[in-house]
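What follows is a single structure, written as structure tokens, with notes after it.
The values are calculated or read from the model by the stated rules, or taken from the named source; none is laboratory data. Quick caveat, the model's predicted, so the values are computed rather than measured. When we count neighbours, we look across all protein chains shown, and the Cβ atoms used for this are built from the backbone with ideal geometry, even at glycine.
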Amino acid sequence: MKILKSKLFWTVLSVTASLAAIFSLMPKTIDMNLERIGKGQKAVVFVYDLNLAASHQQTTEINKAQSLVGDQAVFLIVNIGDPTAEAFRARYQVRSLDILLFNGGGELVDRDRALLSAEGLTAWLSGI
């Protein structure tokens, strides 16, 4: 009985540690609040498409860039399938994998396409 309890303990501990490791490696959630554009900080807006692998890769790079620039800029996501973002998509004529760069006043200053590295994103931000 003691061996069974010990085995169960180590199994539970292993599973818990594995889950903790997996969750720590998952990308952080990227804000979807487009009202943050033009509030004094530069903003990078990525047009995310769940059906494209490049979207997942780009969000990983965005998370890295966020950790590099801190509060110097906000990183936002527009989900291509979200009907609440239709006005934004129409106004800026965006399509899947577009990346838009806004200055602190909310003016669109540049646009590019994914896949941009974290270093490329931070260099792009420092250019405005």
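Quick rundown of the values:
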item: Matching residues in the stretch 40-60 - criterion: being of a type in the set (A, V, I, L, M) and either within 23 Å of V109 (Cβ to Cβ) or in a helix (DSSP H, G or I) (or both); result: A43, V44, V45, V47, A53, A54
item: Which numbered condition A90 fails, given (1) modelled with pLDDT of 95 or more; (2) farther than 23 Å from G40 by Cα; (3) out of contact with any helix residue (DSSP H, G or I) (no Cβ under 9 Å at 6 or more places or on another chain); result: (1)
item: Matching residues, the stretch 37-86, being charged (D, E, K, R), at pLDDT 90 or above and farther than 15 Å from W124 by Cα; result: K39, D49, E86
item: Strands (runs of 3 or more DSSP E) lying entirely in the stretch 61-128 (those with 1 or more residues that are without any contact (Cβ under 8 Å) to a residue 40 or more places away in the chain, surrounded by fewer than 18 Cβ atoms within 10 Å (Cβ to Cβ) and under 17 Å from the mean Cα position of the chain (by Cα)); result: 108-113
